[in-house]
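All remarks here apply to the structure that follows.
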């Protein structure tokens, strides 16, 4: 799934509580001076003075991990502070801990001043912790209004509560996709040796892995692995369970399948066609093509196998294994990197990776009641500056003369910088700060140009293809494609989803819902691996028992609650 890349089921996991410093609430931050912009009434219009750049520190919590965070001492962070006066005393979730951390905030009443809560917004709203941003945006955020103008309805919290509590920052506006980052992946070396075969169904995918494996039982002296999966914690959704939806012609709505006509939501595992997808994985396991450690290995072990170059196939998103693939590139093993294919169970299905979900919905950044009213203004002005053209270029491209140059009016990334971005991305990100501030950055997506006729982002066709290795270019040419996306159905093949992407919606916060949802996850995460590693004769009994279990524990009522959420969302977003 896109970048994508972040799912509802990940929001309700349990793991060890991690409590770190720097997330205190209180009196509006450690402030040298607070001088919010003054407004002047000029007969029906509001003129806003330039925001203050006096030093101010805000506490911040991010619901995604940020291992390369430097306390804004990276190159981009220093410029942000110079331009706005803002520094962030920041804390970030460790994988799987955002729910527990936010629960602790609610219990203590001690909130960060700025927060990116991912799917926990509803709980914070119920606790009275979130500030309604509607008037603040209207008075002090011209850049946000410019970007989201046509989509402001999608920022409203719910049908019953039209307040704006978060501004979406993980969903880029007017996004175009020029390359594929998901699907089923096959090593370029496999494709070349087999003469670039058609890979359209799971049968095609299986045959390619099987044929190459038979000829190459080892790679660089290590046993070849035809296919491995990553079931470590919430990653099970990315490589094991969500692909069942795509492979059977459904769009990604997290743990649900939403009927496009009735908007009825149900756990997607209940679709009969998905049972057949998991039966295929059971077949792969029992024929020795699926890694026996798929359900016991940790995330780092999964990536280490990929980085060794001996894993022939993946079913994943490139953001989830990018670090390992970058290691292959750094070692010059470009033939061991991967192409992407829109594989489905049979040809009757179409991959929905690029279905249009519309604009303006997604996890976002908000302000809490820990801020004084004056500092609420200063904070929204900071977030608005992050949405400015200047800040979008800074956050996406870096600093002119250091990370990019302007040649004949066009921004160009020097070869040595691009090499570092590709082959030493973690160190480059930590040093440059490029991409680290996305949770605070309301922004345009790939394919949108700024007033200088340059793209806001560095992901555009010419840049993408320029970065391809020779083995990658050769493989794409063999499939008569410019990028891997050319092999996938385009968004025009499907109607726009009226509810966006369900995994981006704020989940219901009532205990009846959350307890039932967690129970469904406990059932699924135990039963699906068990069914895959069972003998073929045992598969049906295990899967059918799972379906039976999913009819109890308040789960049908949970699905009904979510169905109503989808219907209310469609109604609210359609309002004039």
task: Mind telling me which of the residues 199, 238 ends up being at pLDDT 95 or above and assigned to a loop (DSSP other than H, G, I, E, B)?
output: 199
- prompt: Which one of these is buried (at least 16 other Cβ atoms within 10 Å of the Cβ), assigned by TED's automatic domain parsing to the domain that holds residue 228 and more than 26 Å from residue 472 (Cα to Cα): 285, 338?
  reply: 285
field: Within segment 241-255, tally of residues that are part of a loop (DSSP other than H, G, I, E, B) and either on the phi < 0 side of the Ramachandran plot or surrounded by fewer than 22 Cβ atoms within 10 Å (Cβ to Cβ) (or both)
entry: 7
task: Scan (1) closer than 23 Å to residue 487 by Cβ; (2) crowded, with 20+ Cβ neighbours inside 10 Å; (3) touching a strand residue (DSSP E or B) at 6+ places or on another chain (Cβ under 9 Å) for the single condition residue 317 breaks and write down its number.
output: (3)
- line: Among residues of segment 266-306 being part of a helix (DSSP H, G or I) and touching a strand residue (DSSP E or B) at 6+ places or on another chain (Cβ under 6 Å), the residue nearest to residue 539 (Cα to Cα) is 284
- prompt: How about segment 403-421: which of its residues are modelled with pLDDT under 90 and surrounded by fewer than 16 Cβ atoms within 10 Å (Cβ to Cβ)?
  reply: 419
query: What are the residues in segment 241-286 that are out of contact with any helix residue (DSSP H, G or I) (no Cβ under 8 Å at 6 or more places or on another chain) and under 24 Å from residue 228 (Cα atoms), if any?
result: 242, 246, 273, 276
query: Does residue 572 satisfy the condition of being over 28 Å from the mean Cα position of the chain (by Cα), on the phi < 0 side of the Ramachandran plot and assigned to a helix (DSSP H, G or I)?
result: no
- request: For residue 309, state whether it is under 24 Å from residue 252 (Cβ atoms), outside any helix (DSSP H, G or I) and in contact with a helix residue (DSSP H, G or I) (Cβ under 6 Å, 6 or more places away or on another chain).
  value: no
query: Which ranges mark the helices (runs of 4 or more DSSP H) fully within segment 450-561 that have 1 or more residues being crowded, with 20+ Cβ neighbours inside 10 Å and touching a helix residue (DSSP H, G or I) at 6+ places or on another chain (Cβ under 7 Å)?
result: 470-478, 511-533, 536-549
- prompt: What strands (runs of 3 or more DSSP E), lying completely within segment 28-80, carry at least 3 residues that are at pLDDT below 95?
  reply: 39-41, 46-48
Qualifying position, being in contact with a helix residue (DSSP H, G or I) (Cβ under 6 Å, 6 or more places away or on another chain), modelled with pLDDT of 95 or more and not assigned by TED's automatic domain parsing to the domain that holds residue 119, among 188, 209: 188
message: Going residue by residue through segment 493-510, is there one that turns out to be under 30 Å from residue 195 (Cβ atoms) and either outside the structural domain of residue 251 (by TED's automatic domain parsing) or under 26 Å from the mean Cα position of the chain (by Cα) (or both)?
response: yes
statement: Checked segment 169-196 for anything assigned to a loop (DSSP other than H, G, I, E, B) and surrounded by 23 or more Cβ atoms within 10 Å (Cβ to Cβ); matches are 171, 172, 180, 182, 183
- prompt: From the list 166, 121, which one is buried (at least 23 other Cβ atoms within 10 Å of the Cβ), more than 30 Å from residue 298 (Cα to Cα) and either under 23 Å from the mean Cα position of the chain (by Cα) or modelled with pLDDT under 90 (or both)?
  reply: 166
- prompt: Just one of 151, 111, 140 is surrounded by 17 or more Cβ atoms within 10 Å (Cβ to Cβ), on the phi < 0 side of the Ramachandran plot and within 23 Å of the chain's Cα centre (by Cα); which is it?
  reply: 151
field: Test for residue 380: is it surrounded by 22 or more Cβ atoms within 10 Å (Cβ to Cβ), farther than 18 Å from residue 72 by Cα and in contact with a helix residue (DSSP H, G or I) (Cβ under 7 Å, 6 or more places away or on another chain)
entry: yes
- request: Check whether at least one residue in segment 216-230 is assigned to a helix (DSSP H, G or I) and either in the same structural domain as residue 286 (by TED's automatic domain parsing) or surrounded by fewer than 22 Cβ atoms within 10 Å (Cβ to Cβ) (or both), and report yes or no.
  value: no
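The values are calculated or read from the model by the stated rules, or taken from the named source; none is laboratory data. Treat the numbers as computed from the prediction; the structure is a model and nothing was measured. Neighbour counts run over all protein chains shown; Cβ positions are idealised from the backbone, glycine included.
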